[in-house]
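Q: Pasting a structure here, questions to come.
Values in this text are rule-based calculations from the coordinates and carry no lab data. Predicted, not measured: the structure shown is a model, and the values here were computed from it. Note that each Cβ is placed from the backbone with ideal geometry, even for glycine, and that neighbours are counted across all protein chains shown.
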């Protein structure tokens with residue numbers, strides 16, 4: 001059975017030392033979904049939610065959250081993100097959020113992408129909770145991650 005990298009031999013939590021790892025270009029994409037009532041989706045589409053433009057606010061919240069991941073998840077490394085993008089797509093009775101995060105670093109950006117999606121969906125929930133008591137957030141998952149060795153002479 002593989003050993004968990006964040007657990008020390010004595011069972012305590014530890015931050016992984018990535019200092020010996022090579023710098024790589026990294027990208028992660030995460031996705032999640034919120035189910036809403038049709039009437040709520042109509043209010044969002046017509047920009048009639050009292051708190052403001054739901055998608056614009058959710059995009060900003062997701063980007064901001066991805067940038068703050070190390071402050072939220074105790075053992076995450078602080079990363080300088082070179083790009084974060086939140087996509088929001090209405091389909092059926094729900095909205096799918098996708099977060100793409102990129103960096104050039106010694107560790108990946110999966111947690112940043114997942115955090116961006118989660119907070120974007122939570123923002124939609126917060127903005128619509130006054131009109132929709134049946135919303136459900138789910139299906140948050142990592143879609144993909146890539147790593148390409150950084151040529152140190154770029």
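Q: Could you work out how far helix 54-67 tilts from the main Cα principal axis of the chain, as a 0 to 90 degree angle to the nearest 10?
A: 10
Q: Return the calculated 222 nm mean residue ellipticity for the chain, to the nearest 500 deg cm²/dmol, obtained by summing -39500 (n - 2.57) across DSSP H runs with n ≥ 4 and dividing by the residue count. The partial results should precede the final answer.
A: Details: 4 runs with 45 residues, N = 154.
One gets -9000 deg cm²/dmol as the mean residue ellipticity at 222 nm.
Q: Among 122, 72, 81, which one shows the highest mean-square fluctuation when the chain is modelled as a Gaussian network with alpha-carbon springs under 10 Å?
A: Looking only at 122, 72, 81, the biggest GNM fluctuation is shown by 72.
Q: Among [x] 1.27; [y] 1.04; [z] 1.20, which one is Cα Rg over 2.2 N^0.38 Å computed from these coordinates?
A: Of the listed options [x] 1.27; [y] 1.04; [z] 1.20, [z] comes from this structure.
Q: Using a 10 Å cut-off around each Cβ, can you sort 25, 59 from fewest to most neighbouring Cβ atoms?
A: Details: 25 16, 59 21.
Lowest to highest Cβ neighbour count: 25, 59.
Q: Taking the Cβ of each residue in 79, 88 as the centre, tally the other Cβ atoms inside 10 Å and list the residues starting with the fewest.
A: Numbers: 79 22, 88 19.
Going from sparsest to densest Cβ surroundings: 88, 79.
Q: Equivalent-ellipsoid semi-axes (√(5λ), Cα gyration tensor) for region 1-62, whole Å, largest first?
A: Semi-axis lengths for region 1-62 are 43, 16, 12 Å.
Q: Oh, and also: Compute the normalised compactness of region 67-154: alpha-carbon radius of gyration over 2.2 N^0.38 Å, N being the residue count.
A: Values: Rg = 15.4 Å, N = 88, 2.2 N^0.38 = 12.1 Å.
Output field value: 1.28.
Q: In what sequence do 76, 99 fall when counting other Cβ within 10 Å, fewest first?
A: Working: 76 19, 99 30.
So the residues, fewest neighbours to most, are 76, 99.
Q: Then there's this: Relative contact order for region 67-154: what percent, with Cα pairs under 8 Å and sequence separation of 6 or more? Write out the running numbers ahead of the final one.
A: On the way: 88 pairs, mean separation 18.6, N = 88.
Value for region 67-154: 21 percent.
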